[in-house]
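Everything below concerns the one structure shown next.
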Amino acid sequence: QVQLVESGGGLVQAGGSLRLSCAVSGRTVSSSAMGWFRQAPGREREFVAAINWSNTWYSESVKGRFTISRDNAKNTVYLQMNSLKSEDTAVYYCAASSRSSWSKASAAYDNWGQGTQVTVSA
């Protein structure tokens, strides 16, 4: 059984930083495409970042501010978020794919965490 547990969310002022963690069990992060998505109130879930093998991808709205990485020994994926803006406020979800190819489509991911709230105050 695959489980993803996110942590690290919270309240931060605009311009601040947070690091989200996603601890994974039942799937090896080094051989899977892993993604971060977010959903703000009243909006659809949107792609934030993805990683597979040594490649990373970002949405245009976070490129240059967010960094996705993984620790294979801990089987954990991270999302370092810098220069946070109020529009980054959302519930952030970690997702794992059974395939190694990445995608920005949420339907491509098989397993999801419960989400962690990130609130950026202006």
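The values are calculated or read from the model by the stated rules, or taken from the named source; none is laboratory data. Computed from a predicted model, the values in this text were never measured in an experiment. Note: ideal-geometry Cβ built from the backbone for every residue, glycine included; neighbour counts use all protein chains shown. What goes into the accessible areas is simple: the full protein's heavy atoms, side chains included, and nothing from ligands, DNA or RNA. Shrake-Rupley method; radii C 1.70, N 1.55, O 1.52, S 1.80 Å.
Here are some notes:
- Per residue, the solvent-accessible area of the range 33-85 (1.4 Å probe, heavy atoms of protein chains only, all protein chains present) comes to 50 Å².
- The alpha-carbon atoms of the chain, seen along their principal axes, cover 38, 28, 25 angstrom, with the largest extent given first.
- Couplings for the range 41-56, taken from phi via the Karplus curve 6.51 cos²θ - 1.76 cosθ + 1.60 with θ = phi - 60°, read x, x, 10, 6, 5, 10, 5, 10, 7, 8, 9, 8, 6, 10, 9, 10 Hz in order; Gly and Pro are left as x.
- Couplings for the range 7-16, taken from phi via the Karplus curve 6.51 cos²θ - 1.76 cosθ + 1.60 with θ = phi - 60°, read 7, x, x, x, 9, 9, 7, 4, x, x Hz in order; Gly and Pro are left as x.
- The range 12-106: GluC sites (Glu not before Pro) falling in loop per DSSP and having at most 10 other Cβ within 10 Å: GLU44, GLU60
- Charge dipole magnitude, Cβ of K and R +1, D and E -1 - the chain, Cα centre, debye nearest 20: 160
- Largest mean-square fluctuation among ALA107, ALA40, ALA50, in a Gaussian network model of the chain whose springs join Cα atoms under 10 Å apart, belongs to ALA107.
- Which of ALA95, TRP53, LEU79, positive extreme of dipole for the chain (C-beta unit charges): TRP53
- The range 102-122 versus the range 5-67: alpha-carbon centroid distance in Å: 6
- Cut-off 18 Å, label 7 Å out along Cα→Cβ of SER101, residues of the range 1-45 by amide N: 31-35
- The range 25-122 - percent of accessible surface contributed by carbon and sulfur, probe 1.4 Å: 46
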